[in-house]
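The values are calculated or read from the model by the stated rules, or taken from the named source; none is laboratory data. Note that the coordinates shown come from a computational prediction; the quantities given were computed from them, not determined experimentally. Here the Cβ positions follow ideal geometry from the backbone for every residue, glycine too, while neighbour counts run over all protein chains shown. When the accessible area is computed, the model is the full protein with side chains, heavy atoms only, and any ligands, DNA or RNA have been set aside. Shrake-Rupley method; radii C 1.70, N 1.55, O 1.52, S 1.80 Å.
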Amino acid sequence: MRKSVQFGMAALCFALTLASVTDTVSAAPKTGKNAERSVANWYWSDRDEVWPPAAGRYERKNENGVTNAYINVTVLPDQWPVITLHACDYDGTDDNKGWEALSQAPAVVLGGQIIGLAITDSPPDKKYIKAGMKPVQLRLGAQFATGAEVQGIHRGNGTGAMLDDVQINLMHAGVTSGKDGLILDYFGHNGLTLPDVRGEYVLNKNRTPRADEFAACALVAALPVRETNTDFTDKTLQIIPEAVTGSMMPKYKYIIKNYGFAVKVFQNGKLLRTFMVPKDLSAVYRFDSDGGDVMIYNIDGSKG
């Protein structure tokens, strides 16, 4: 695609673009020699963008200065950055009633990754070639794999309902990565009645980000099918991400210790397999219903 293509192209064009480039750029960058991360060299931009984005919590504020949405970013080796987005449409002021509204207002939580959505040809430049960077430019975007409607950005009343594929796809967003912030925009409308997630998200260096079960599900869904034995686009499957403790699932306590995440895969009500992920997203273990188990991802590169 040419650089002159405007960012606000129609939703249909975006869907076609996403479909045409998925095979090329959705796979995570591979680890270079000496186990160096190559992800930082996978993307470059002449628009003063920053890659990879800093790990942390990015917050969007309404006109009254109240945080009504945030994105947690986790940067992992050989993976596009994993994100969780929590958002609601609250536009009130910061008072006790306001904080209550943040926990009660209809909201959305989404798990996904910041990935390259399209390639634009760029002429080779000596400074990029010398730095070992590829002479291409990627358009960044947030591709969500799972999500749910919840009560408030703090999920005070838990999960209301899992989102269907149509709603999740409508929330795919274009991303600009800056020094201290992310800007989200998307094609088409904002996902039916779901909260608007567009806007500027500023890095809050005083807040510690926390991954959740939706981020864990996004990580598992991004791994090769040959590792997961699961096609996450298969509409006959039911994917249920859960936050769990070691006491709830003692069988997996050696993986999650006190706290972690389970991603369960069902078909016609039958449990096919369970993926266990520690709270820092440092590994993924697959447990099949026939008793087989294997570690399919680890940040140190080990498997098995």
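Below are the figures for this structure:
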item: Hits in region 229-254 - residues which are under 19 Å from Lys279 (Cα atoms), in contact with a strand residue (DSSP E or B) (Cβ under 9 Å, 6 or more places away or on another chain) and of a type outside the set (A, V, I, L, M); result: Pro241, Glu242, Thr245, Gly246, Lys251, Tyr252, Lys253
item: Odd one out for Ile255, checked against (1) open to solvent by 40 Å² or more (accessible area, probe 1.4 Å); (2) modelled with pLDDT under 95; result: (1)
item: Filtered residues of region 59-91 (kept if closer than 30 Å to Ser302 by Cα, part of a strand (DSSP E or B) and among the hydrophobic types (A, V, I, L, M, F, W, C)); result: Ile71, Val73, Val82, Ile83, Leu85
item: Of all residues in region 57-90 being touching a strand residue (DSSP E or B) at 6+ places or on another chain (Cβ under 6 Å) and among the polar types (S, T, N, Q), the one that is nearest to Pro195 (Cα to Cα); result: Asn68
item: Hey, Leu194 modelled with pLDDT under 90, open to solvent by less than 10 Å² (accessible area, probe 1.4 Å) and farther than 21 Å from Leu140 by Cα or not; result: yes
item: Sole residue being of a type in the set (Ser, Thr, Tyr) and crowded, with 16+ Cβ neighbours inside 10 Å, chosen from Thr230, Thr245; result: Thr230
item: Ala215 under 23 Å from Leu170 (Cβ atoms) and open to solvent by less than 70 Å² (accessible area, probe 1.4 Å); result: yes
item: Strands (runs of 3 or more DSSP E) wholly inside region 185-304 that include at least 3 residues being free of Cβ contacts under 8 Å to residues at least 24 places away in the same chain and not aromatic (Phe, Trp, Tyr); result: 270-278, 293-298
item: Extreme residue, least open to solvent (accessible area, probe 1.4 Å), among residues of region 278-298 that are of a type in the set (D, E, K, R) and within 19 Å of the chain's Cα centre (by Cα); result: Asp280
item: Pairs, first over 20 Å from Gly56 (Cα atoms) in region 107-122, second at pLDDT 75 or above and part of a strand (DSSP E or B), C-beta under 6 Å, six or more apart; result: Ala107/Cys88; Ala107/Val150; Leu117/Gly141
item: All strands (runs of 3 or more DSSP E) inside region 99-177 with 2 or more residues being on the phi > 0 side of the Ramachandran plot and at pLDDT 75 or above; result: none
